[in-house]
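Chemist: For reference, the structure I am asking about is given below.
The values are calculated or read from the model by the stated rules, or taken from the named source; none is laboratory data. Predicted, not measured: the structure shown is a model, and the values here were computed from it. Positions of Cβ are generated from backbone atoms using ideal geometry, with glycine treated the same way; all protein chains shown enter the neighbour counts. We work out accessible area using only protein heavy atoms, side chains counted, and drop any ligands, DNA or RNA first. Shrake-Rupley method; radii C 1.70, N 1.55, O 1.52, S 1.80 Å.
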Amino acid sequence: MNRYARLIAHYPYVIILSLLCVAVVCLVLSVTVVPLPNFQDPRAGFEPRGTDIANKLIAYNNLVDNRNGKLSLTPGTEGVYQKSDTIQYTTDNETRLRRSEEQPDSHVIVDRDTHRLHKASYFCEIPASYLPVFARIVFTSADGSNLFTASKLRQMCHIEDSHIRSHSTFSSNCQTKNNKQCCLSWSLGNYVAMLSGKNNCSSITEADVTSVQELLTSCAGHYHNTTLHYCDGHSESRHYCSGIPKKCVKFQSVYNILHHIADVNFVHPNRQSRESFLTYAVTFLPIVGGIDSVELFQHIESWPKDFGGEVRVSGANFGIKETLFNQHLIADSIWLLISGIFIFLVVWLYSMSIFVTLMTFLMMFWSLVIAYFLYSAIFNISFFPYMNLVSVIIILAIGADDVFIYCKVWQMAKFERNNGTLEKIVTDTLRNGSVSMFVTSLTTASALYCNAFSSITSIKCFSIYAGTAVLCNFFLVVTWMPASIVIYEKWCNCEKIYDPELSSRKTVCFYLCKIPQKTYHKFTDWCRILFEKLLPFIIIRARVLWLVLFSVLGILGVVVIFFYPKLQLPSSEKFQVFSSDHLIERYDFRLSDQFWFERHQRKQEIMPLRFVWGTKPTDTGSSLDPTDKGDVVFDESFDPTTPEAQVWLLNFCQDLRSTRFYKNLGFLEQTNCFFEFFSHFMQQPCSSDYINQRPCCNYSTSIIKSEDVMQCVSGYIPSLLSSPSVVYNSHTPGPRFTNGRFSALIIEFYSNFHFTTSFQDMSNFYTEVEQYFNDRLKSAPPEMRNGWFVSEFDFYSLQKSLSEETPVALGISLIIVIIVTFLTTLNVLISIFAIVSIAFVMFVTIASLTLLGWELNILESVVITVAVGLSIDYTLHVGVSFRNSPELSNDMRVASTSSSLGGVITMAATTTFLAGTLMMPSTVLAYQKFGTFLMIVISTSWVYALFFFQALLCVMGPHGGFGQLHWPCHPIQVCSRPEKKHVDKTVYLTTESTSSYYPASSSEPSQDMEISSNTPKSSLFQHRRYRSRGNYMKARTRSDSPESNHSGRKEGNTVLSKSSEIAKKVGKRDDAETVRTDDAVFEEPRTSEITESRTQQSPVPIEVHYRESLT
């Protein structure tokens, strides 16, 4: 430590230049060699990896996608895989959309020119099933009244004609008729106009609206009994339309209005006696959703909230969430910049040095750069989720806190009257300040690293990067920061640059130096009264009130988290990336459930029963890279061609149909259980036209010989591919082949269980089917025993990982916090009280987030774990300060801690709270939620540390050395310290001691003893104390323990080794002599000056006995 301090004191520029070279190299390599982050897909990495269910999902997707390119649907055609096709809707700019997986139809191209109507056609003829691929906006009434009125429908048409269709990008992207005119929107106003015989919706009347309402009311029953779903007016659907009035099927208007446009509560057959009330209405624009519609959406988003008069836009879906996310992620960086600017001003006012502030922010920047280099190049992690950007907020908060602590320690070290050299000051600050900063950085980094054990890729990557950034920040705090302050004191000190005695001209240096000083002193005058007088008085006098109040608050937090309303698992499978008031998020999370077509899409998600053989449910890809899914791992023991395997498979399929979770959808299950229809194929009569059909026909039994299976399957599967009634592609159940042999087999049926976001219901379904399948596998032949079950468990897998791993990470974090707290204080009672305080901070923080409507999603899981590391800092500072206080009573020790530490903690909490507050206007949800979390956890931690924890120490804190342990220099003893020979340690104390980071005493200044000193003129940091410079406190006698009594020594008194006359001479020194002006503040005294000083005045050693620092 001494050698390192000497290096910093004499060669600070070497430290700075060395670190600067390393940081610049990391920056250059990160920009040139390491790939830059890509945030195009915000969903990437938000899935578990490595769990049992996750491995099955990965293995099944690899099998379907033919990950290693070795699989085929037919034997002898390896690598040829017919994947499910996409639906394309052609436009002028060739916009193409991927078909949803719920439509396993063959390749379909819908060209607007191939679906022409006669000249009187109102809308472009586009199948209703394709409407969801178009951009859509949702209107609602501005005052909450009924939207189905003529005036409001005309207002909706006016908004579309005047403000949407007039946009520059609309005409180039809209669907057109054969006359090249843009299609009309599928809106309620246009349907009313068409049914009323009007040319456009701007001329509809209340009579038209009433007529259409009567039509919808009379036909609503046919819609709700699903008959209108199949009655589209074509000849092949006439048998569905028997008994349905023609007016109900005309133009399919009733179906489209009730199914796609109006909300679910608009018209219902059971509410015919009540007046129909329309709350929301969708307008489908004739523009295919996608990247080409971004500008139009941004135009709509820019409208003010009161735009539209009677109606307003409540939500929208343009299919551009991922595209917009990348743009908003960059745009919202302005809030990070604003947050940094405000923190910059606070640090500048506190340190009163623009140089120190600039070096502080360079330190934060370099810590992020070095962490990114280690993350990408050393750890070799290529995936950088957008959640990692939240680390910037963490570093801004922690970096500012560390600078406040180090500057405070530096000031206190300089005020020690025996610290005449810069080397001594650097040594003291490193020895005392680095311990506190290391402990807080270690707890925060440990809480982050605990999440590295998560199975969710984005959580794991964020934990590694953020934890590394925190440790890099600490490394720079103890290297870059001391060297920067030394450079400032030697060469950049404002009083060296600007001296009013030499020049009266006010330069830039004057404003950079004097204005922060004046502002700081005006602020500290009030803070001194608050933290030295008022705060200790409030804490000590009302200690019982604080204990009861905050204990009840913590207990209520437990009730909120675990009983009511409880912290819930995510209730929606939809992925939210923007704030809740964003138009896209409003549609996805609030409005989509208000329309029947959205509800029907979710109801069609029947959970399939998939049973796979031939591949192992393993994930060979990297868990830190969501794009690396690994390869298909084959089970070499699999062979379904043996007679035993065929018998078991046929029996399994029959038995599965008799279970309670099986559902027969009513269509021919030709590919679901492969060997069932393959045996029928083998038993069909031989055709006389094909002599070479044998042995693939007229088979006498359902069990086929192994050699015949391989020979005949090559003819059976092509017949399936050519059959118009069978869809056979990569998603179809059946066999997969490699090198002419069976390599995998998928058996799939549908269950009677629909997809749900309920974790318990999904868990019951998974457990029931898994248990059934495992029981069946016990009787399977050896070649069929390695099968496994999988279904659409992606969301359930995420819920399961969050519910199981978050408590584990939280528990590990708490254990680390307990260990660090005890090792720092070495006091049993203080450690117990600190853990209670931290636990209450956690309960209140999580309960507050729960009451705000947060659910245990991915970001929330990270936040809860990080809260452990952030909630310990202030409590730990207070606990160590209380332990090191030399006061005898607990009240005085609390008063000493509050007066000396309250300002630093408050300043640190203010900057962190400010960083969170300035993130609230952000559009990106991660920024907004982390800002909310920072404000809550920091304010809660500050309140509990200063009021609850100190009140607890005041009432039940350890007296003297009770419960105090010590490092094993001697045998560890409890409640008393081992007697040891007194060591004479002479020190001169001011109002703040640096025997540890925390002040040694809070006694009032005294003039009973003033020691002559050659202390040079104080620098910028010392300037704060000029007002009370002449009053120094008594030199305190510190014993080994408060109870220790040394003969002839009393607390607060000095023992002079010479005569009392010499002591009196020393005491009569004028304090002005101690405050000499000397520009060489930290220069080593010259030898001649030291010799002269020694000859003029013989030293008078003054024994000042003090308690040894427990740090």
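Chemist: Got a sec? Which of Ser446, Ser441, Ser463, Ser458 is in a helix (DSSP H, G or I) and open to solvent by 10 Å² or more (accessible area, probe 1.4 Å)?
Modeler: Details: Ser441 fails: open to solvent by 10 Å² or more (accessible area, probe 1.4 Å); Ser463 fails: open to solvent by 10 Å² or more (accessible area, probe 1.4 Å); Ser458 fails: open to solvent by 10 Å² or more (accessible area, probe 1.4 Å).
Checking each option against the conditions leaves just Ser446.
Chemist: Here is a follow-up. For segment 308-426, which helices (runs of 4 or more DSSP H) that fit wholly inside it have 2 or more residues that are closer than 24 Å to Gly916 by Cβ and among the charged types (D, E, K, R)? Break it down stepwise before answering.
Modeler: On the way: elements: 321-331, 333-351, 354-373, 391-414.
Output list reads 391-414.
Chemist: Applying the selection to segment 631-644, what residues are buried (at least 18 other Cβ atoms within 10 Å of the Cβ) and either among the small types (Gly, Ala, Ser) or over 16 Å from Arg67 (Cβ atoms) (or both)?
Modeler: Phe638, Asp639, Pro640, Thr641, listed by residue number.
Chemist: May I pose another question? Do you know which residues across segment 760-813 are of a type in the set (Asp, Glu) and closer than 17 Å to Ala59 by Cβ?
Modeler: Glu770, Glu792, Asp794, listed by residue number.
Chemist: Conditions: (1) in contact with a helix residue (DSSP H, G or I) (Cβ under 8 Å, 6 or more places away or on another chain); (2) open to solvent by less than 50 Å² (accessible area, probe 1.4 Å); (3) of a type in the set (Ser, Thr, Tyr). Ser202 meets all but one. Number of the miss?
Modeler: Failed condition: (2).
Chemist: Which one is modelled with the lowest pLDDT among residues in segment 201-234 that are outside any helix (DSSP H, G or I) and farther than 14 Å from Asn256 by Cβ?
Modeler: As a first pass, look at segment 201-234 and keep what is outside any helix (DSSP H, G or I): 204-205, 225-226, 231-234.
With farther than 14 Å from Asn256 by Cβ added as a condition, the list becomes 204-205, 225-226, 234.
Values: Ile204: 91, Thr205: 92, Asn225: 78, Thr226: 74, His234: 51.
Filtering segment 201-234 for residues that are outside any helix (DSSP H, G or I) and farther than 14 Å from Asn256 by Cβ, the one modelled with the lowest pLDDT comes out as His234.
Chemist: Mind checking which pairs have a first residue in segment 176-198 that is of a type in the set (D, E, K, R) and a second that is modelled with pLDDT of 85 or more, Cβ under 9 Å, 6 or more apart or different chains?
Modeler: Listed pairs, sorted by first residue: Lys177/Cys183; Lys198/Val192; Lys198/Ile204; Lys198/Thr205; Lys198/Asp208.
Chemist: Kindly provide the set of residues from segment 885-898 that are surrounded by fewer than 20 Cβ atoms within 10 Å (Cβ to Cβ) and part of a helix (DSSP H, G or I), ordered by number. Spell out how you get there, then give the answer.
Modeler: Initial filter on segment 885-898 (surrounded by fewer than 20 Cβ atoms within 10 Å (Cβ to Cβ)): 887-889, 891-892.
If the condition is that a residue be surrounded by fewer than 20 Cβ atoms within 10 Å (Cβ to Cβ) and part of a helix (DSSP H, G or I), then Asp891, Met892 are the ones that fit.
Chemist: Let me ask another. I'm trying to understand the selection: among the residues of segment 345-358, which are of a type in the set (A, V, I, L, M, F, W, C) and either out of contact with any helix residue (DSSP H, G or I) (no Cβ under 7 Å at 6 or more places or on another chain) or open to solvent by less than 20 Å² (accessible area, probe 1.4 Å) (or both)?
Modeler: Applying the first criterion (of a type in the set (A, V, I, L, M, F, W, C)) to segment 345-358 yields 345-349, 352, 354-356, 358.
Residues satisfying the conditions are Leu345, Val347, Met352, Val356, Leu358.
Chemist: Does segment 811-832 hold any residues that are free of Cβ contacts under 8 Å to residues at least 60 places away in the same chain and either within 23 Å of the chain's Cα centre (by Cα) or open to solvent by less than 60 Å² (accessible area, probe 1.4 Å) (or both), and which are they? Quick ask: steps written out before the conclusion?
Modeler: To start, the set of residues in segment 811-832 that are free of Cβ contacts under 8 Å to residues at least 60 places away in the same chain comprises 811, 814-815, 818-819, 821-823, 825, 831-832.
Matches in segment 811-832: Gly811, Leu814, Ile815, Thr821, Thr825, Ser831.
Chemist: Applying the selection to segment 579-623, what residues are open to solvent by less than 20 Å² (accessible area, probe 1.4 Å) and part of a strand (DSSP E or B)?
Modeler: Passing the criteria: Met607, Pro608, Leu609, Phe611, Val612, Trp613, Thr615.
Chemist: For segment 413-424, state whether one or more residues are closer than 20 Å to Leu901 by Cβ and within 31 Å of the chain's Cα centre (by Cα). Step through it out loud before you land on a result.
Modeler: So the first thing to find is which residues in segment 413-424 are closer than 20 Å to Leu901 by Cβ, and the list is 413-416.
When the remaining residues are screened for being within 31 Å of the chain's Cα centre (by Cα), the result is none.
No, there is no match, as no residue in segment 413-424 is closer than 20 Å to Leu901 by Cβ and within 31 Å of the chain's Cα centre (by Cα).
Chemist: On to the next question. Can you tell me which of Ala400, Ala371 is closer than 18 Å to Val31 by Cβ, open to solvent by less than 10 Å² (accessible area, probe 1.4 Å) and under 22 Å from the mean Cα position of the chain (by Cα)?
Modeler: On the way: Ala400 fails: closer than 18 Å to Val31 by Cβ.
That would be Ala371, the only listed residue that is closer than 18 Å to Val31 by Cβ, open to solvent by less than 10 Å² (accessible area, probe 1.4 Å) and under 22 Å from the mean Cα position of the chain (by Cα).
Chemist: Can you confirm whether segment 917-930 contains a residue that is more than 30 Å from Ile334 (Cα to Cα), open to solvent by less than 30 Å² (accessible area, probe 1.4 Å), at pLDDT 90 or above and under 38 Å from the mean Cα position of the chain (by Cα)?
Modeler: Here is the first cut: in segment 917-930, the residues more than 30 Å from Ile334 (Cα to Cα) are none.
No: segment 917-930 contains no residue that is more than 30 Å from Ile334 (Cα to Cα), open to solvent by less than 30 Å² (accessible area, probe 1.4 Å), at pLDDT 90 or above and under 38 Å from the mean Cα position of the chain (by Cα).
Chemist: Just a yes or no: is a residue in segment 148-158 closer than 17 Å to Ile261 by Cα, β-branched (Val, Ile, Thr) and part of a helix (DSSP H, G or I)? Lay out the reasoning, then the answer.
Modeler: Initial filter on segment 148-158 (closer than 17 Å to Ile261 by Cα): 148-150, 152-157.
Pick out the ones that are also β-branched (Val, Ile, Thr) and you get 149.
Now narrow it down to the ones that are part of a helix (DSSP H, G or I): none.
No, every residue in segment 148-158 fails to be closer than 17 Å to Ile261 by Cα, β-branched (Val, Ile, Thr) and part of a helix (DSSP H, G or I).
Chemist: Related question: Test Ile529 against the stated conditions and say whether it is surrounded by 13 or more Cβ atoms within 10 Å (Cβ to Cβ) and more than 30 Å from Ser302 (Cβ to Cβ). So that I can check it myself, show each step before the final result.
Modeler: Working: surrounded by 13 or more Cβ atoms within 10 Å (Cβ to Cβ): no; more than 30 Å from Ser302 (Cβ to Cβ): yes.
Judged against the criteria, Ile529 is not a match.
Chemist: Looking at the structure I just gave you, is Ile16 crowded, with 19+ Cβ neighbours inside 10 Å, modelled with pLDDT of 70 or more and touching a Lys or Arg at 6+ places or on another chain (Cβ under 8 Å)? Step through it out loud before you land on a result.
Modeler: Working: crowded, with 19+ Cβ neighbours inside 10 Å: yes; modelled with pLDDT of 70 or more: yes; touching a Lys or Arg at 6+ places or on another chain (Cβ under 8 Å): no.
So Ile16 does not fit the description; no.
Chemist: Still on this structure: Can you report the number of residues in segment 933-956 which are hydrophobic (A, V, I, L, M, F, W, C), farther than 21 Å from Arg541 by Cα and either without any contact (Cβ under 8 Å) to a residue 60 or more places away in the chain or crowded, with 23+ Cβ neighbours inside 10 Å (or both)? Full working, then the answer.
Modeler: Residues of segment 933-956 hydrophobic (A, V, I, L, M, F, W, C): 933-938, 942-943, 945-949, 951-956.
After this cut, where a residue has to be farther than 21 Å from Arg541 by Cα as well, the list is 933-938.
Of the ones still in play, those that are also either without any contact (Cβ under 8 Å) to a residue 60 or more places away in the chain or crowded, with 23+ Cβ neighbours inside 10 Å (or both) are 933-935, 937-938.
Count: 5.
Chemist: Taking segment 662-710, which residues are among the polar types (S, T, N, Q), assigned to a helix (DSSP H, G or I) and modelled with pLDDT under 75? Walk me through it before giving the result.
Modeler: Going through segment 662-710, the residues among the polar types (S, T, N, Q) turn out to be 664, 670-672, 679, 683-684, 687-688, 692-693, 698, 700-702, 706.
Among the residues that remain, those that are also assigned to a helix (DSSP H, G or I) are: 679, 683, 692-693, 706.
Correct list: Asn692, Gln693.
Chemist: Between a residue in segment 543-566 that is of a type in the set (Asp, Glu) and any residue that is surrounded by fewer than 13 Cβ atoms within 10 Å (Cβ to Cβ) and in a helix (DSSP H, G or I), which pairs come within a Cβ distance under 9 Å, given they are 6 or more apart or on different chains?
Modeler: none
Chemist: Moving to a separate point now. Mind listing just one residue for me: the one in segment 242-267 that is of a type in the set (A, V, I, L, M, F, W, C) and in contact with an Asp or Glu (Cβ under 9 Å, 6 or more places away or on another chain) and, of those, modelled with the lowest pLDDT?
Modeler: Of all residues in segment 242-267, those of a type in the set (A, V, I, L, M, F, W, C) come to 244, 248-249, 251, 254, 257-258, 261-262, 264, 266-267.
Going one step further and asking which of them are in contact with an Asp or Glu (Cβ under 9 Å, 6 or more places away or on another chain), we end up with 249, 264.
Numbers: Val249: 82, Val264: 90.
Ranking the qualifying residues of segment 242-267, first place goes to Val249.
Conditions tested, residue by residue: (1) out of contact with any Ser or Thr (no Cβ under 9 Å at 6 or more places or on another chain); (2) farther than 21 Å from Ala397 by Cα; (3) open to solvent by 30 Å² or more (accessible area, probe 1.4 Å).
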| position | (1), (2), (3) |
| --- | --- |
| Phe307 | yes, yes, yes |
| Arg312 | no, yes, yes |
| Gly315 | no, yes, no |
| Lys321 | yes, yes, no |
| Gln327 | yes, yes, yes |
| Asp332 | no, no, no |
| Trp335 | no, no, yes |
| Ile338 | yes, no, yes |
| Ile343 | no, no, no |
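Chemist: Go through segment 122-147 and give me each residue that's of a type outside the set (A, V, I, L, M), in a loop (DSSP other than H, G, I, E, B) and either closer than 17 Å to Asn256 by Cα or within 35 Å of the chain's Cα centre (by Cα) (or both). Steps first, please.
Modeler: Step one: of segment 122-147, the residues of a type outside the set (A, V, I, L, M) are 122-125, 127, 129-130, 132, 134, 136, 139-141, 143-146.
Subsequent filtering for residues that are in a loop (DSSP other than H, G, I, E, B) retains 122-125, 127, 143-146.
Listed by number, the residues that qualify are Tyr122, Phe123, Cys124, Glu125, Pro127.
Chemist: Let me ask something additional. Go through segment 747-803 and count every residue that is more than 23 Å from Leu665 (Cβ to Cβ), among the aromatic types (Phe, Trp, Tyr), outside any helix (DSSP H, G or I) and open to solvent by 20 Å² or more (accessible area, probe 1.4 Å).
Modeler: Adding up the residues that qualify gives 0.
Chemist: Taking Ser719 as the residue in question, decide whether it is without any contact (Cβ under 8 Å) to a residue 60 or more places away in the chain and within 52 Å of the chain's Cα centre (by Cα).
Modeler: Judged against the criteria, Ser719 is a match.
Chemist: Of the conditions (1) surrounded by fewer than 20 Cβ atoms within 10 Å (Cβ to Cβ); (2) part of a helix (DSSP H, G or I); (3) of a type in the set (Ser, Thr, Tyr), Ser571 clears all except one; give me its number.
Modeler: (2)
Chemist: What about Phe475, is it at pLDDT below 90, within 30 Å of Gln517 (Cα to Cα), open to solvent by 20 Å² or more (accessible area, probe 1.4 Å) and part of a helix (DSSP H, G or I)?
Modeler: Values: at pLDDT below 90: no; within 30 Å of Gln517 (Cα to Cα): yes; open to solvent by 20 Å² or more (accessible area, probe 1.4 Å): yes; part of a helix (DSSP H, G or I): yes.
Here the answer is no, as Phe475 does not meet what is asked.
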